[in-house]
Amino acid sequence: MPAGSSNLSDAFAKCLGGLLYVAVQNLKVTFKPFEEEIETEDGEKKKVKPTIKDVSAGLYPQTPGPDGSKTVTFYDLYKQEKRTVLVELSLPQVPENVTTSVLEAAYSYRCVWLVQSIIDYLLTFL
């Protein structure tokens, strides 16, 4: 065995071991259209809510909710592993001077090292 090859093998094993470590279990991400009341140009109050047309998350299972939400279940996520999700929305028409939120994203997972479930709200998109 050439000199230094043992160090290289150890470094590779540590790198590979880090990639195979399960960081979270049963990861679920829920996308929910944000319903908001706005004032129209003629002063009337009106509720507006976008519609989720499609959620692209590969072959991971999706569950629609009664409120127009969609939940994607990613199951286990390994250390430094990433998932990409694309959400296509149909947005309601609002007056030019109105800013409104359109989407909430929430996630839940089971924390492996704390042995407990975590539920947290992640983002509200404007």
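Please treat every number below as a calculation from the coordinates, not as lab data. Being a predicted model, the structure only gives us computed values, none of them experimental. Positions of Cβ are generated from backbone atoms using ideal geometry, with glycine treated the same way; all protein chains shown enter the neighbour counts.
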Practice item. List, in order, the whole-Hz ³J(HN,Hα) value for each residue of the stretch 96-103 obtained from phi through the Karplus relation with A = 6.51, B = -1.76, C = 1.60 and θ = phi - 60°; use x for Gly and Pro. Key: 4, 7, 9, 10, 9, 6, 10, 8
**Study point:** Leading residue at positive end of dipole, the stretch 23-125 (Cβ point charges), from VAL102, VAL29, PRO92
**Key:** VAL29
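What does the convex hull of the alpha-carbon atoms of the stretch 42-111 project to on average, in nm²?
Over all viewing directions, the stretch 42-111 projects a mean Cα-hull area of 6.9 nm².
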Study note, to complete from the structure: For LYS28, the lysines lying under 21 Å Cα to Cα, once residues fewer than eight places off in the same chain are dropped, come out as LYS53, LYS70, LYS79, LYS82
Study note, to complete from the structure: As straight-line cross-link partners of LYS45, the qualifying lysines (C-alpha separation under 24 Å, not fewer than 8 residues apart within one chain) are LYS32
Practice item. Just add up the charged neighbours of LEU86: K/R +1, D/E -1, any other residue whose Cβ is under 13 Å from the Cβ of LEU86. Key: +1
Practice item. Go through 81-87, 23-29 and give me the packing order, highest mean Cβ count within 10 Å leading. Key: 23-29, 81-87
Study note, to complete from the structure: Summed over the other residues with a beta carbon less than 10 angstrom from that of THR63, with K and R at +1 and D and E at -1, the charge totals +2
